[in-house]
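Asker: The structure's right below; bear with me while I get my questions together.
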Amino acid sequence: MSGTFFDAIKAGKIPTPECAKTLGIEILSHDPVNHSVELEFEGRPEFGNPIGHVQGGFLAAMLDDAMGLAAATATALIRKA
C-alpha cells in the first residue's frame with residue numbers, strides 16, 4: 001500500500017474504528033516528523049451533560065484517540081502503510 005497509514009484511513013482503505021466513528025473523528029492533518037496529528041471530533045448533543053457541555057467521558061475518549069494517533073506517527077509501520 002502506498003502512502004501513509006493516515007492517507008489509507010482517509011481513503012477508506014483502512015476502516016475507521018466504530019468507536020471513532022461514534023465520536024465523529026476526522027483527521028485534518030498529520031506530521032510524522034514532529035509526531036503530531038490534528039483531529040476534529042463532532043460534539044453531538046447526545047454527548048451532553050445536564051448543563052449542555054460534552055460529558056467528560058466522551059472528551060477522554062476523544063483524547064485517547066488523539067494521543068493514540070499522535071503516538072502512531074512515531075512508528076515505522078504507520079509511516080508507510
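The values are calculated or read from the model by the stated rules, or taken from the named source; none is laboratory data. Quantities reported herein were computed from a predicted structural model and do not represent experimental measurements. Here the Cβ is made from the backbone with ideal geometry for all residues, glycine too, and neighbour counts use every protein chain on show.
Asker: Considering every residue within segment 9-29, establish whether at least one is under 15 Å from Gly68 (Cβ atoms), of a type in the set (Val, Ile, Thr) and in contact with a Lys or Arg (Cβ under 8 Å, 6 or more places away or on another chain).
Answerer: Checked against the condition, which is being under 15 Å from Gly68 (Cβ atoms), of a type in the set (Val, Ile, Thr) and in contact with a Lys or Arg (Cβ under 8 Å, 6 or more places away or on another chain), segment 9-29 yields at least one hit.
Asker: Looking only at segment 6-35, how many residues end up being under 15 Å from Met62 (Cβ atoms) and small (Gly, Ala, Ser)?
Answerer: 2
Asker: Residue under question is Ala11, and the condition is that it be at pLDDT below 90 and more than 12 Å from the chain's Cα centre (by Cα); does it hold?
Answerer: yes
Asker: Okay, moving on. Across segment 44-73, what is the number of residues that are surrounded by 15 or more Cβ atoms within 10 Å (Cβ to Cβ) and either farther than 18 Å from Thr4 by Cα or in contact with a Ser or Thr (Cβ under 8 Å, 6 or more places away or on another chain) (or both)? Quick ask: steps written out before the conclusion?
Answerer: Our first condition is that a residue be surrounded by 15 or more Cβ atoms within 10 Å (Cβ to Cβ); within segment 44-73, this holds for 47, 54, 58-59, 61-62, 65-66, 69-70, 72-73.
Filter once more, keeping what is either farther than 18 Å from Thr4 by Cα or in contact with a Ser or Thr (Cβ under 8 Å, 6 or more places away or on another chain) (or both): 47, 54, 58-59, 61-62, 70, 73.
Result for segment 44-73: 8.
Asker: Which one is nearest to Thr4 (Cα to Cα) among residues in segment 23-43 that are touching a helix residue (DSSP H, G or I) at 6+ places or on another chain (Cβ under 7 Å) and assigned to a strand (DSSP E or B)?
Answerer: Among those residues, the one meeting the criterion is His30.
Asker: Shifting gears a bit: How many residues does segment 27-39 contain that are surrounded by 13 or more Cβ atoms within 10 Å (Cβ to Cβ) and either hydroxyl-bearing (Ser, Thr, Tyr) or in contact (Cβ under 8 Å) with a residue 12 or more places away in the chain (or both)? Break it down into steps so the answer makes sense when it comes.
Answerer: Keep residues of segment 27-39 that are surrounded by 13 or more Cβ atoms within 10 Å (Cβ to Cβ), which gives 27, 30, 32, 35-39.
Those still in the list that are either hydroxyl-bearing (Ser, Thr, Tyr) or in contact (Cβ under 8 Å) with a residue 12 or more places away in the chain (or both) too: 27, 30, 32, 35-37, 39.
Within segment 27-39, residues that are surrounded by 13 or more Cβ atoms within 10 Å (Cβ to Cβ) and either hydroxyl-bearing (Ser, Thr, Tyr) or in contact (Cβ under 8 Å) with a residue 12 or more places away in the chain (or both) number 7.
Asker: Another question, then. Mind checking whether some residue in segment 13-21 is assigned to a helix (DSSP H, G or I) and in contact (Cβ under 8 Å) with a residue 12 or more places away in the chain?
Answerer: yes
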